[in-house]
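Every number in this text was worked out from the coordinates using simple rules, so none of it is lab data. All figures in this text were calculated on a predicted structure; none of them were measured in a lab. Neighbour counts are summed over all protein chains in view; Cβ atoms, including those assigned to glycine, are modelled from backbone coordinates with ideal geometry.
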Amino acid sequence: MATPERVVIAAAGVVTPIGQDLEAFWSSLVTGASGISQIERVPVADLRVQRGGEVKKLGRIKDWRGVPDCRASRLLIAAADDLCAQAAFRPLPLDPARVGVVVGTALGGVEEGEKALAGDRGRHRLPQALYDGPGWALARWLGARGPVITVSTACASGATAMAVGADLLRAGEADAVVAGGYDALCRFVLRGFDALRSLTRDEVRPFDRRRSGLLLGEAGALALLVRERDARGPRLGTLLGYGSASDGFHIAAPEPEGRGLERAIRAALADARVSAADIDMVSAHGTATPLNDRIETAALKRALGRRAHEVPINSIKGSLGHTMGAAAALEAFMCLLSGQRGLIPPTLHLEEPDPECDLDYVPGQARPGRPRVMLSTSMGFGGCNGALVLEAAR
Amino acid sequence: MKAPAIRGLGVLSGTEAKSVAGASAGATSANSTLAKSADWGSAGAISGPPQLKGLKNETVDRKSPEILALPRPERPGDRFRRATRECLLARAAVDAMLEDGKTSREAIAGERTALLYVTAAAYGASNRAFIEQRGGVMHFAYTAPAVVPAEVAIEFGVAGPYGILIGGAPATLRAIEQAARLLEAGTCDQALVLAVEIFEECADLYARHRRSYRWPLVETAACLWLERGAGALSFESARDGWRAAGAVEPGERFAVGPLADLRDWRARATAGPVELSGRWRGEHARLLWSPDKSHARDSAA
């Protein structure tokens, strides 16, 4: 079978609780900064847990004219603004009809639905409440007139979006694709996770024996994808492969052995045409729920074999919370920056390793290392599992 | 790209749903328009329209556009005690597909079956129920679009590659293309393209934007079962400028439109290529499927 055309991640842009551009995001990760704070934008007084990774002020863009008054859309567009600043991508440097947009989200513009049901009859509320609303708002802001796709594989959405974006390029449907993920903190999701008792009152402690749950965060994360033969100038790296699999087990809980995640990892390695021995680093989903981290550890051991014990594995969710649809894209960018900058961010708040999570989860502080090929894993509601294999540019 | 072959197709449509004796009136005029029996496969008995608390006082007035609703299928067992209407309809669509394919559920189980789910708005009902604080703690999990294919994956043991697209008819056409790509690459041996749209619980919200849609809105659930085939498939999409967000073609079935069209085409057993098309938010898409014996229902049998 012919080798699929390689797809390059030419640039990336982010807005996160720990920085509103890629450099600030990276600096905060390697210095162990935390973006967790008291949530201020929506009422939380009645909730058991009132903290999260909130972006306090969207400072990147001063003029929001023409952009819907929708938090999710604005997070996405703020990330796009960072991307465009780095890649000189606005105004579009190529035929707008050849530029696609693929975004992943767990929640879309659901906050607009909350507003509509509360009596706000603004004409944009319902169209923005549909989960593909923010993706279309981004395309409009960019001036992109190629395919616009929204995927929603829960918290694996960012990974799915990057893979679908790469497919668009390989199929010749676009010459450049802006792909990634986003999700905004709103009362809907905070109340939901609070009710499920998934949130912790403690710090988020991935792979720590004291871990007691996750905290939610909000973010936008976008990459500029192009075919390798079309790539000019600097690049972050290459998207080598993607795999997905469903658990087919439970609506809200992961399959206890992590078989779905294992299948997704194996599929991603096969798609990338690499073996477990080629993997130099893993970015784990690492939500810090008691179940997730144990299951993920088991799945990594089975999928990577001995290599799982030899490579650094981190989770950045202790720094910024679980950013849902944005998480996989942010983690992919972190992997690529690690390979470029020679530093692996630590798993924040991992202080007392869990004997059941006995891999090298990079506790303490950032560690020197220059991984070349990285694996990034994601798991989501409904048994959605996704895995990306990435190669850093040197 | 090589075109996949159709192994089965199940479509449940609000234009054809059974009217059940004793069923109470729905929130819209749906029941008055429910036609005679249709192709419900083994979906089983229909228990009546959705019975969500809080809807009674939100009945759309007589001037409101019409929604042709699908009744809530009966719960097939205790595992579905919390399942939403869209989940139950998805399951029923898969059952209808299996019946169309004249086979049992074991045929689609396993790691070599891909599942691609598409919807524009089916999650709206569950989102609304949660926002209005109806349903228990676990209801939050059911607000995720991912839960509809999850229920299907759990029920039928589907554990292969997985994708969920949000959008109207073009997204479904793209899902069929993705399924063809997965089959051609050998990533899976068979692929299911599942699509569900329900509207009734949010009828008043759609009515606010009545000019954006070509009424009536027709609730539909469908599942298409694909295997490797020998024909050719081509997909193309184009934009026709920026229209008011939400404006759609007579695609009142939103994402499920192309699968309903495909069913109609099979029923006619027409020779020649199938052309499926649709529009959403100003994007046109078209899928051209070359002749393949498997397309026509009679040939498939």
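Descriptive notes on the structure:
- Placing a label point 7 Å from the Cα of A:Gln38 along the Cα-to-Cβ line, the residues of segment A:175-201 whose backbone N sits under 17 Å from it are A:201.
- Computed over the protein assembly as shown, the ratio Rg/Rh where both radii use C-alpha atoms and Rh is Kirkwood: 0.95
- Cα gyration tensor shape for segment B:120-166, rounded if a/c is under 1.5, else prolate or oblate: oblate
- The fraction of all Cα pairs in segment A:124-163 landing in successive 5 Å bins from 0 to the largest distance is 6, 22, 25, 26, 17, 4, given as whole percents.
- Averaged over peptide B:147-159, the number of partner chain Cβ atoms lying within 10 Å of each residue's Cβ comes to 5.
- A Förster radius of 30 Å combined with the Cβ-Cβ distance from A:Ser27 to A:Ala171 puts the calculated FRET efficiency at roughly 0.20.
- In sequence order, calculated HN-Hα J values of segment B:109-118 (Karplus, 6.51, -1.76, 1.60; Hz; x Gly/Pro): 6, x, 7, 9, 10, 8, 10, 10, 10, 9
- Cα extents of segment A:7-230 along the three principal axes, largest first (Å): 50, 44, 31
- The phi-based Karplus calculation (6.51 cos²θ - 1.76 cosθ + 1.60; θ = phi - 60°) puts the 3J(HN,Hα) values of segment A:150-162 at 10, 10, 9, 8, 6, 7, 9, 4, x, 5, 4, 4, 5 Hz, whole numbers, x for Gly and Pro.
- Backbone N atoms of segment A:1-34 closer than 18 Å to the 7 Å Cα→Cβ label point of B:Glu184 belong to residues A:1-7.
- R0 of 56 Å, Cβ-Cβ distance B:Arg112-A:Arg65: FRET efficiency to nearest 0.05: 0.65
- Convex hull volume per residue for segment B:128-198, taking Cα atoms only, in Å³: 95
- FRET efficiency estimate (nearest 0.05) - Cβ-Cβ, B:Arg134 to A:Glu228, R0 35 angstrom: 0.10
- Average beta-carbon neighbours from other chains, 10 Å sphere, peptide B:134-145: 6
- Each residue of segment A:281-289 was assigned a 3J(HN,Hα) from its phi angle through the Karplus curve 6.51 cos²θ - 1.76 cosθ + 1.60 (θ = phi - 60°); the sequence is 7, 10, 9, 7, 4, x, 7, 6, 7 Hz, with glycine and proline shown as x.
- Using the average count of surrounding beta-carbon atoms within 10 Å as a protection proxy, the listed peptides B:130-140, A:81-91, B:184-194 rank, highest first, as B:184-194, A:81-91, B:130-140.
- Loop GluC sites (Glu not before Pro), segment A:33-136, which have at most 13 other Cβ atoms in a 10 Å radius of their Cβ (DSSP): A:Glu40
- When both segment A:12-86 and segment B:171-204 are represented by their alpha-carbon centers, they are found 33 Å apart.
- Computed over all pairs of different Cα atoms, the Kirkwood value for the hydrodynamic radius of chain A is 20.3 Å.
- Anchor B:Lys2: aspartates and glutamates whose Cα lies under 12 Å away (excluding residues fewer than 8 positions away in-chain): B:Glu177, B:Glu184, B:Glu227, B:Asp292
- Residues whose amide H falls under 5 Å from that of A:Val55, counting only those 5 or more places apart or on a different chain, are A:Glu218, with hydrogens built in the peptide plane.
- Shape parameters for segment A:237-392, alpha-carbon atoms, Rg then Dmax in Å: 13.9, 40
- Paramagnetic label zone (point 7 Å from Cα along Cα-to-C-beta, A:Glu356; backbone N under 14 Å) in segment A:251-273: A:254-258
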